[in-house]
Amino acid sequence: MGNVVRGLRSKGSRQTAPLRLAYSAPEIDTATVEELRRLTLPATKALPFVKLRVNDQPLWRPESYWHVKSTGNRGMDVELGRSYARKAIAAMKADRNEALIALVVQDMIHGVVGRGSGKRRGPLGRVAAAFLKEISRSLAKNAE
């Protein structure tokens with residue numbers, strides 16, 4: 001040992017430096033997460049009047065944004081339509097889906113045209129009329 005210079009070691013006894021990770025995952029972009037959440041439309045798909053496709057998948061569009069049947073009672077239909085409008089507004093805000101009301105109205109129209117036979121077209125219905133009136137009321141209130 002007397003011939004070995006202090007501080008020097010032979011190659012075989014050298015310690016290797018710990019391995020460093022050459023690549024690390026990028027930071028999670030909250031904008032991307034929010035965009036994916038918006039595309040899955042969780043609040044919209046939970047609406048009671050939205051009909052989902054069989055075996056619905058997160059990024060699939062619902063089969064119909066307006067799948068409603070009348071209760072047969074005028075008062076109940078009006079209250080149901082108003083309640084649906086308030087829920088739609090909340091879902092639109094939660095999902096950041098500015099097109100939701102337009103999609104609902106579009107499917108309402110498809111329903112009216114689809115129910116019609118021959119020369120006559122089906123009525124809009126009390127639930128839909130109350131829905132639209134409540135949406136209008138909400139817009140007027142927010143415009144003030």
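Some observations on this one:
- Debye intensity ratio in log₁₀ form over the Cα atoms of region 24-144, taken at each q of 0.12 Å⁻¹: -0.51
- Taking Cα centre as origin and charging only the Cβ of basic (Lys, Arg, +1) and acidic (Asp, Glu, -1) residues, the dipole magnitude of region 26-98 rounds to 440 debye.
- With all protein chains kept in place, the per residue accessible area of region 32-139 amounts to 63 square angstrom at a probe of 1.4 angstrom.
- Working from label points 7 Å from Cα in the Cα-to-Cβ sense, the Glu27 to Ala99 distance is 3.2 nm.
The values are calculated or read from the model by the stated rules, or taken from the named source; none is laboratory data. Given the structure is predicted, the values throughout are model-derived calculations rather than measurements. All Cβ positions, glycine included, derive from the backbone under ideal geometry; neighbour counts span all protein chains shown. Surface areas here come from the heavy atoms of the whole protein model, side chains and all, with no ligands, DNA or RNA. Shrake-Rupley method; radii C 1.70, N 1.55, O 1.52, S 1.80 Å.
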